Structures are given as structure tokens and as C-alpha cells.
Amino acid sequence: MKKLLSLIAVSFVLSTGLSAVAHAAGEPAKTTQQTKMGACNKEAEGKKGDERKAFMKQCLSAKAEAPAQQTKMKTCNVEAKGKKGDERKAFMKECLSK
């Protein structure tokens, strides 16, 4: 029983120590949802009550637009159907550089 309690105590100390080291190394990376929340909060400044609540609901549920490069890649991939090897590689390079 003493060994078990000692093991639990050591595990707790190590886990809290490692957690403190991780936070001391820098701020943990924000998730996409946290980033979105911050952006929506900035946009919602000045709004109060139900208006703010409705705005935040709409803002947080909105899908992010695909970056231009992703959209371009999808378009070029569709246009490159049927091409293979060096021909496809050359086409994709030209298409993506437009």
C-alpha cells in the first residue's frame, strides 16, 4: 500500500513538473477553434446581449474559406485529368504559377 501511494505521489509530482516546463517554454499553440473565437470576439466588440449572442453563434459556426492556393490546386487537379508523368507535372507547375 505504501509503495502504491509513493508511486502515485511521484507520478503526480512528475506530471505537474512536466506541465510547468511545457508552459514555461512558451505559450501552447492555439487550436483553430481558439483562434476563431478570438477573431469573432474582436468583431463582436460593441454588441451586447442577444445581438452579441446571435453574432457569435453565426461567426463560430461559419466555415472558413479555403485558402487561394488550395482552391487553385483543386481547379488544376480537375483540369489535369488524363495527363500522366512529366506531362502532368509540367501542366501542374504552369497552372499553379498563374
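Points worth noting:
- Taking the criterion of being among the β-branched types (Val, Ile, Thr) and in contact with a helix residue (DSSP H, G or I) (Cβ under 9 Å, 6 or more places away or on another chain), the only residue of segment 48-98 that qualifies is THR75.
- Just so you know, in segment 63-93 the residues that are surrounded by fewer than 10 Cβ atoms within 10 Å (Cβ to Cβ) and acidic (Asp, Glu) include one that is farthest from the chain's Cα centre (by Cα), and it is ASP86.
Readers should treat all values here as calculations from the given coordinates under stated rules, not as data from a laboratory. Because the structure is a prediction, the values reported are computed rather than measured. Using ideal geometry, Cβ is built from the backbone for each residue, glycine included, and neighbour counts are taken over all protein chains shown.
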